[in-house]
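Each remark here refers to the structure printed beneath this line.
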There are 2 protein chains.
Amino acid sequence: MQDEAMPLIDSLGLQFDESMFPASVPFRAFRGWYEKCQITLVTNGHDDVYGTGVDNVGTVPASLATYLILQKLNGTADIVVNAGTCGGFKRKGAQIGDVFLTNAVANHDRRIPIPEFISYGVGRINTADVSQLAISINAKVGICTTSNSLDFHSVDMSQMENNDASVKDMEAAAIAWSCALHNTPFYGVKVVTDIVDGDRPTQEEFMENLYRASSSLQEVLPRVLNYFCIHL
Amino acid sequence: MQDEAMPLIDSLGLQFDESMFPASVPFRAFRGWYEKCQITLVTNGHDDVYGTGVDNVGTVPASLATYLILQKLNGTADIVVNAGTCGGFKRKGAQIGDVFLTNAVANHDRRIPIPEFISYGVGRINTADVSQLAISINAKVGICTTSNSLDFHSVDMSQMENNDASVKDMEAAAIAWSCALHNTPFYGVKVVTDIVDGDRPTQEEFMENLYRASSSLQEVLPRVLNYFCIHL
């Protein structure tokens, strides 16, 4: 979201570049250099109907923004990093504030119980190898399961378990799908704001820990950038 | 889906036009003329991972295909018609084979229980005025609620009722969102394959009635085209 992105935009000195997206979409791109890397930071903006306090979240804007920015960059993007917050599963070792890197993504709200469509619905995508990055930045590694809801119910929980998820978010699987269309490696960097298999409602914990998780994200992203600007 | 679209493609004599989509996406466009209207018929293709029997369904490919074709048509598209099958609510008068036109769309699988995000999650969009078209083709009119699942559970049902849905599908709200970005009127034409608030699983009824509903769609779409090619 824009508020989460602003500290990084400021610290990297990125500049808003209106030429990166068509005028018809609300997405915003900020560009600049960090060491030898050209950075294009994208936020999904907000929907005019709901106002500036309501950022575009969920899979539909995320996949479209990713597709369009990769189309615009026309083969020059080496990687996509999807940085954001997530819920974490304590049974997979997740704690509030932890940084997780994805080794795969999947969907848990695309149930299509026709035999040949089941796997399509889950839409699992193995993402880039993060084993060295995880050591470098001292992050955990796991599967991110995506849905369009912040909360979940028992059917979702069952699907998230089937997906063997360590963390849960609202965009990763859709962003990775658009990356796959462009053959661009996807890296998910997710900071835990709430415990999915704990005893408190997601939205309560989410709001309570958003600031702490955002700070954790601000701290880890420069280390991710350092890693890639040396290794790539 | 491609199989559902082929009879119409054949009867209108539409030709596959590979220039309409970038090579990076699986979507397919077929073009031609019907009376004074230039028709661009889009199917979402299939994912290479899952093979030709598994069409791309759900909101993410639907919104991207819609966005890209409207971008390509660059302001020359007068309307978008989203033709397909749906589940119908008998409490709203739906029966198998009925044709429904949408007067609004909404989502029932985007639950974001943070006060300012609730309406964004539902994402209701009032769609084009279909009152005259409904009379002309003898269709019913109602709200279409969208999710990425073919089935539903009790939480979905509650959200679908909150959305005051007459029919349920897997794409309309996402397609209408991309249409709204381009200020292009959206018309949903949905044929009922199964009864959502009946006593049989969606997937059973869906498979059983898909052929009948597809035939109904083949019968009604030429009448929709006749209406627009006279009235627009």
Alpha-carbon centroid distance for the pair segment A:95-159 / segment B:90-105, whole angstrom: 35 Å
Taking amide hydrogens as modeled 1.01 Å from N in the peptide plane, which residues meet the under 5 Å criterion relative to B:Gly188, leaving out close sequence neighbours? B:Asn82, B:Thr102
Classified through the alpha carbon gyration tensor (a ≥ b ≥ c as square roots of its eigenvalues; rounded if a/c is under 1.5, else prolate when a/b is larger than b/c, else oblate), segment B:156-216 comes out oblate
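How much net charge surrounds A:Gly84 when only other residues with a Cβ under 10 Å from its Cβ are counted (Lys, Arg +1; Asp, Glu -1)?
Numbers: positive: A:Lys190; negative: A:Glu4, A:Asp169, A:Glu171.
Taking every other residue near A:Gly84 into account, the sum is -2.
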The protein assembly as shown: spread of alpha-carbon positions along the three principal axes, whole Å, largest first, is 63, 45, 40
Computed about the Cα centre, the charge dipole of segment A:1-62 from +1 Lys/Arg and -1 Asp/Glu charges at the Cβ has a magnitude in debye, to the nearest 20, of 240 debye
Starting from a label point 7 Å past Cα on the Cβ side, list the distances from B:Asp17 to the same position in the other copies, nm, shortest first. 3.2
Let me know the shape class of segment B:2-231, please: from the alpha-carbon gyration tensor, a ≥ b ≥ c as square roots of the eigenvalues, rounded when a/c is under 1.5, otherwise prolate if a/b is greater than b/c, or oblate. rounded
Mind running the shape call on segment A:22-110? Use the C-alpha gyration tensor, a ≥ b ≥ c as the square roots of the eigenvalues: rounded below 1.5 for a/c, prolate if a/b tops b/c, oblate otherwise. oblate
Can you give the angle from 0 to 90° between the axis of helix A:59-73 and the longest principal axis of chain A, with both taken from C-alpha atoms, to the nearest 10? 30 degrees
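Report the GluC sites (Glu not before Pro) located in segment B:1-36 that are in a DSSP loop and have at most 11 other Cβ atoms inside 10 Å of their Cβ, or state none.
Values: sites: B:Glu4, B:Glu18, B:Glu35; in loops: B:Glu35.
Answer by residue number: B:Glu35.
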Alpha carbon centre of segment A:178-232 versus segment A:1-65: separation in Å? 16 Å
Rank B:Ile135, B:Ile114, B:Asn183 by how far each Cα sits towards the positive end of the charge dipole of segment B:101-211 (+1 on Lys, Arg Cβ; -1 on Asp, Glu Cβ) and give me just the farthest. B:Asn183
How many nanometers, to one decimal and shortest first, lie between the label point of A:Gly93 and those of its other copies, if labels sit 7 Å from Cα toward Cβ? 5.9
Choice from A:Asp151, A:Asp55, A:Asp98 with maximal GNM fluctuation in chain A (Cα, 10 Å cutoff): A:Asp151
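Express the relative contact order of segment A:105-179 as a whole percentage, based on alpha carbon pairs under 8 Å and six or more residues apart in sequence. Mind dumping the intermediate values first?
Working: 103 pairs, mean separation 29.2, N = 75.
39 percent.
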³J(HN,Hα) computed for each position of segment B:30-39 - Karplus, 6.51 cos²θ - 1.76 cosθ + 1.60, integer Hz, glycine/proline x: 10, 10, x, 10, 9, 6, 8, 9, 8, 9
For A:Val141, place a label point 7 Å out from Cα along the Cα→Cβ vector, do the same in each other copy, and report the separations in nm, one decimal, smallest first. 5.8
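No lab work stands behind these numbers, since they all come straight from the coordinates. In this text the structure is predicted, and so the values were computed from the model without any measurement. Cβ coordinates were reconstructed from backbone atoms using ideal geometry, including for glycine residues, and neighbour counts include every protein chain displayed.
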